[in-house]
Amino acid sequence: GQNIDQPTEMTATEGAIVQINCTYQTSGFNGLFWYQQHAGEAPTFLSYNVLDGLEEKGRFSSFLSRSKGYSYLLLKELQMKDSASYLCAVFGGGYNKLIFGAGTRLAVHP
Amino acid sequence: DVKVTQSSRYLVKRTGEKVFLECVQDMDHENMFWYRQDPGLGLRLIYFSYDVKMKEKGDIPEGYSVSREKKERFSLILESASTNQTSMYLCASSSPPSPFGVGAYEQYFGPGTRLTVT
């Protein structure tokens, strides 16, 4: 079957670093996405990994290990506006479909 | 900037009503998708379309149908709304042109329609 797991909730302090983990088991794999979704808003694209390793984009980095079925999103220098849900999604399973995890709700405190 | 718009942000309908949710994208994307999002369950794919008049069932198509008469517009239809269809509905669009293409492209999402069925 298809399964994507990520923690339900996390809390962190402003200015700190937080790592959100995602593990996946899917019938196919053609890349992994991270999306950010603020409450009541649409998901917005953060990062895409298709090869093993770390992709850095400003304060956000994403890592992928295909052999372990594992990814993480690293957020540095946390700001209050980073309080949101972070969705891990795998591109696979045929027919150009994204399979989403349930999301991790991150709360950043002063 | 890619823009995906949905016809309503909030909608309240009665059980048994026929409901139409409209989605329009302005980037000439071939692929369009309808998801529903429920707490603890994440986004689940209802239907998608990779070309005009083409449609494919997603993971939870029961109780829904879709229509794609023009490339930029993808409609989700609830034939007879039920209370368990109360949810947030999100539309998305993307390239590449074929569902069998290699590689992956990000999906651009609309703002969502929060549907309540009473």
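The values are calculated or read from the model by the stated rules, or taken from the named source; none is laboratory data. Note that the coordinates shown come from a computational prediction; the quantities given were computed from them, not determined experimentally. When we count neighbours, we look across all protein chains shown, and the Cβ atoms used for this are built from the backbone with ideal geometry, even at glycine.
Just so you know, in the stretch B:24-50 the residues that are on the phi > 0 side of the Ramachandran plot and free of Cβ contacts under 8 Å to residues at least 24 places away in the same chain include one that is farthest from the other protein chains (Cβ to nearest Cβ), and it is B:Gly40. Annotation for the stretch B:9-20: at least one member residue is more than 14 Å from chain A (Cβ to nearest Cβ), of a type in the set (A, V, I, L, M, F, W, C) and surrounded by 15 or more Cβ atoms within 10 Å (Cβ to Cβ). Scanning the stretch A:47-56 finds one or more residues that are within 13 Å of another protein chain (Cβ to nearest Cβ), surrounded by 20 or more Cβ atoms within 10 Å (Cβ to Cβ) and touching a residue at least 24 places away in the same chain (Cβ under 8 Å). Across the stretch A:79-94, the qualifying residues are those that are of a type outside the set (A, V, I, L, M, F, W, C) and modelled with pLDDT of 95 or more, and the one among them that is farthest from A:Glu41 (Cα to Cα) is A:Gln79.
All conditions in (1) in a strand (DSSP E or B); (2) of a type outside the set (D, E, K, R); (3) under 23 Å from A:Phe29 (Cα atoms); (4) touching a residue at least 60 places away in the same chain (Cβ under 8 Å) hold for B:Leu21, with the sole exception of (3). With respect to the conditions (1) outside any loop (DSSP other than H, G, I, E, B); (2) over 21 Å from A:Gln37 (Cα atoms); (3) of a type outside the set (S, T, N, Q), B:Val52 falls short on a single one, namely (1).
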